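The values are calculated or read from the model by the stated rules, or taken from the named source; none is laboratory data. None of these values were measured; they are calculated from a predicted model. Cβ atoms come from the backbone with ideal geometry, glycine included; neighbour counts cover every protein chain shown.
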Amino acid sequence: MSELGLVGRKFGHCARLALSPACELRADDQAHAARTMWNLLHAWWQMMPKEKRTLANADAAIRQARKDIDFLGVLPAQAAQAVLKTYFQAWRNCWEGRAGAPNFKGRFRSVMSVDIPQGRDLNVVRVHRRWGMVNIPKVGRVRFRWTRDLPAGKRAGAENRITGARLVKDALGWHIAFRVQTLEVRPEPHQGPDVGIDVGVTVPLALSDGATYGHGGWLTEQEQARLLWLEQRAARRKRYRRPGERTSRRLHRTYDQIAGLRAKAKRRALDWQHQTTTAIARQYGTVVVEALIITNMVKSARGTIEVPGKNVAQKTGLNRSISGQAWGRTVTMLTYKTTRYGGTLHKVPAPGTSRRCSVCGFTTPGSRESQAVFVCKNPDCGWSGNADHNAARNVLHLYWMGFALVPAAGRAVVRRAKRVKPAAARQAGISLH
């Protein structure tokens with residue numbers, strides 16, 4: 001396929017379902033049955049000796065459970081097999097050190113989901129400019145929001161097809177995540193310019209050419225006020241609950257309303273990230289970002305009893321702001337979108353990019369006078385400008401000098417892989433010292 005200029009591509013697409021009350025009840029029953037199947041498998045695993053913990057024995061056990069327990073009959077057989085495969089894959093991930101050991105799934109702590117492993121059961125058809133129809137086993141024919149072209153109807157074939165889907169319920173209702181496999185023309189190399197990106201809290205994305213991408217609050221003032229009122233209401237109801245007492249339905253309803261507002265904010269944030277990263281991938285051929293270790297940046301400053309931390313509340317607020325920006329998700333989107341449009345994404349070391357002057361190339365103490373202003377303390381330079389754009393230009397400078405990070409044996413190493421572009425550097429005003 002690659003010799004003919006075609007390349008296979010696999011991606012996922014999530015769409016909102018419009019379920020009737022009866023269909024929503026059936027979907028809830030299937031999700032609870034899938035969770036119960038997982039818990040039964042985990043109990044079976046703990047009771048069986050090691051030599052009998054095989055896939056064939058587990059398959060026979062769940063088949064017998066579906067016959068003995070009528071409630072599990074609402075779950076399609078293919079979905080039950082998907083639960084079995086997911087459970088064994090969870091143990092493989094644990095043995096290989098990628099995740100912890102599987103455990104029981106609680107009713108209110110686990111995500112309600114049902115897997116549809118076979119795409120031929122879906123029979124996706126577009127019926128309207130904004131709506132499509134999909135067949136969900138043992139639920140019925142339901143509508144979903146059509147926001148992206150899918151290989152449906154006559155367009156579906158061996159190369160372009162939907163291989164499966166997964167039903168997921170969040171605070172905003174039921175959604176369906178399609179697994180799509182397509183055969184596309186290999187994109188031509190992107191001829192756009194190079195750009196460095198500096199991520200931040202006040203300015204989410206600052207580019208080396210002077211452009212910025214920002215956003216406002218994800219919730220309106222009325223929604224923020226309602227969220228605060230609901231959180232205070234939940235705190236009051238939780239305060240009067242006795243130790244060991246079950247959570248009341250009123251408190252669960254309050255938690256659901258809080259989760260609904262937070263899910264709405266996350267959906268708006270995802271929409272902004274998708275639009276922004278798509279615009280960057282279309283405009284620039286090479287995108288350079290910092291290799292940030294975000295888990296270290298959001299560590300708590302609380303300290304220990306012997307050595308208590310300082311400015312704990314301020315660091316907590318900063319950690320919350322960093323986590324809210326979701327820099328890692330932005331880089332992930334840029335990675336696959338630049339590849340789709342023929343561009344490339346590179347990572348460079350992060351230390352020193354915000355303290356170095358992009359004009360003279362010197363790093364002097366106190367140059368970062370504030371969060372937004374950079375003033376070079378070098379007597380021969382004295383340049384001043386926006387601190388975020390200065391950092392973005394330093395990020396691009398590191399790439400031009402060849403300090404690109406490439407994965408090697410599970411870790412990142414520095415290599416010099418690309419020569420400097422003097423003409424482009426002079427045009428961007430970046431020093432090559």
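Here is a yes/no grid of residues against (1) assigned by TED's automatic domain parsing to the domain that holds ALA391; (2) in a helix (DSSP H, G or I):
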position	(1), (2)
GLY210	yes, no
GLU223	no, yes
LEU251	no, yes
THR254	no, yes
ILE258	no, yes
GLN273	yes, yes
ALA281	yes, yes
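Going by the conditions given, is SER323 loosely packed, with under 13 Cβ neighbours inside 10 Å, free of Cβ contacts under 8 Å to residues at least 40 places away in the same chain, under 32 Å from the mean Cα position of the chain (by Cα) and farther than 29 Å from GLN191 by Cα? Even if it seems obvious, please write down each step before you answer.
Working: loosely packed, with under 13 Cβ neighbours inside 10 Å: no; free of Cβ contacts under 8 Å to residues at least 40 places away in the same chain: yes; under 32 Å from the mean Cα position of the chain (by Cα): yes; farther than 29 Å from GLN191 by Cα: yes.
Judged against the criteria, SER323 is not a match.
Just to be sure I understand the filter: pairs with C-beta atoms under 8 Å, separated by 6 or more residues or on different chains, first member in region 62-75 and at positive phi, second member in a helix (DSSP H, G or I). Which pairs pass?
From region 62-75, no pairs qualify.
Quick one: would you say GLN275 is of a type in the set (S, T, N, Q) and either surrounded by fewer than 15 Cβ atoms within 10 Å (Cβ to Cβ) or under 25 Å from ALA15 (Cα atoms) (or both)? Full working, then the answer.
Numbers: of a type in the set (S, T, N, Q): yes; either surrounded by fewer than 15 Cβ atoms within 10 Å (Cβ to Cβ) or under 25 Å from ALA15 (Cα atoms) (or both): yes.
Yes.
With the checklist (1) in contact with a strand residue (DSSP E or B) (Cβ under 6 Å, 6 or more places away or on another chain); (2) of a type in the set (D, E, K, R); (3) surrounded by 15 or more Cβ atoms within 10 Å (Cβ to Cβ) in hand, flag the one item ARG186 doesn't pass.
Just one mismatch for ARG186, condition (3).
Can you find even one residue in region 329-341 that is buried (at least 17 other Cβ atoms within 10 Å of the Cβ), within 16 Å of ILE293 (Cα to Cα) and of a type outside the set (A, V, I, L, M)?
yes
What number of residues in region 374-394 are in contact with an Asp or Glu (Cβ under 8 Å, 6 or more places away or on another chain) and part of a loop (DSSP other than H, G, I, E, B)?
0
Cβ-Cβ distance below 6 Å, separation of 6 or more or different chains: which pairs start in region 104-120 with a residue that is closer than 13 Å to MET37 by Cα and end on one that is β-branched (Val, Ile, Thr)?
These pairs meet every condition: SER113/VAL168.
Residues of region 233-244 being out of contact with any Leu (no Cβ under 7 Å at 6 or more places or on another chain) and under 11 Å from TYR255 (Cα atoms), which ones? Walk me through how you get there before you give the answer.
So in region 233-244, the residues out of contact with any Leu (no Cβ under 7 Å at 6 or more places or on another chain) come out as 233, 235-236, 239-244.
Residues satisfying the conditions are ARG233, ALA235.
Which of the residues belonging to region 287-320 are surrounded by 17 or more Cβ atoms within 10 Å (Cβ to Cβ) and not aliphatic (A, V, I, L, M)?
The initial filter retains those residues of region 287-320 that are surrounded by 17 or more Cβ atoms within 10 Å (Cβ to Cβ), namely 287-290.
GLU290 - this is the single residue of region 287-320 that is surrounded by 17 or more Cβ atoms within 10 Å (Cβ to Cβ) and not aliphatic (A, V, I, L, M).
Of the residues THR202, THR220, THR163, THR212, which is loosely packed, with under 12 Cβ neighbours inside 10 Å, touching a residue at least 40 places away in the same chain (Cβ under 8 Å) and under 24 Å from the mean Cα position of the chain (by Cα)? Give the derivation first.
Details: THR220 fails: touching a residue at least 40 places away in the same chain (Cβ under 8 Å); THR163 fails: loosely packed, with under 12 Cβ neighbours inside 10 Å; THR212 fails: loosely packed, with under 12 Cβ neighbours inside 10 Å.
So the residue among THR202, THR220, THR163, THR212 that is loosely packed, with under 12 Cβ neighbours inside 10 Å, touching a residue at least 40 places away in the same chain (Cβ under 8 Å) and under 24 Å from the mean Cα position of the chain (by Cα) is THR202.
Looking at ARG179, ARG246, ARG242, ARG233, can you tell me which residue is farther than 22 Å from ALA326 by Cβ, of a type in the set (D, E, K, R) and part of a strand (DSSP E or B)? Working first, answer last.
On the way: ARG246 fails: part of a strand (DSSP E or B); ARG242 fails: part of a strand (DSSP E or B); ARG233 fails: part of a strand (DSSP E or B).
Answer to the check: ARG179.
With ARG282, ARG241, ARG226, ARG237 as the choices, which residue is surrounded by 12 or more Cβ atoms within 10 Å (Cβ to Cβ) and at pLDDT 95 or above?
Working: ARG282 fails: at pLDDT 95 or above; ARG241 fails: at pLDDT 95 or above; ARG237 fails: at pLDDT 95 or above.
The conditions single out ARG226.
Restricting to region 93-138, name every residue that is under 23 Å from THR163 (Cα atoms) and aromatic (Phe, Trp, Tyr).
Within region 93-138, TRP131 is the sole residue that qualifies.
Matching residues to (1) in contact with a helix residue (DSSP H, G or I) (Cβ under 7 Å, 6 or more places away or on another chain); (2) at pLDDT 80 or above; (3) in the same structural domain as HIS274 (by TED's automatic domain parsing):
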{"position": "ARG329", "(1), (2), (3)": "yes, yes, yes"}
{"position": "THR339", "(1), (2), (3)": "no, yes, yes"}
{"position": "GLY342", "(1), (2), (3)": "no, yes, yes"}
{"position": "PRO351", "(1), (2), (3)": "no, yes, yes"}
{"position": "ARG355", "(1), (2), (3)": "no, yes, yes"}
{"position": "PRO365", "(1), (2), (3)": "no, no, yes"}
{"position": "ASN378", "(1), (2), (3)": "no, no, yes"}
{"position": "VAL395", "(1), (2), (3)": "no, yes, yes"}
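Consider region 346-373. How many of its residues are in a strand (DSSP E or B) and crowded, with 23+ Cβ neighbours inside 10 Å?
Pass one, region 346-373, residues in a strand (DSSP E or B): 346-348, 356, 363, 368, 373.
Subset that is crowded, with 23+ Cβ neighbours inside 10 Å: 348, 356.
Here the count works out to 2.
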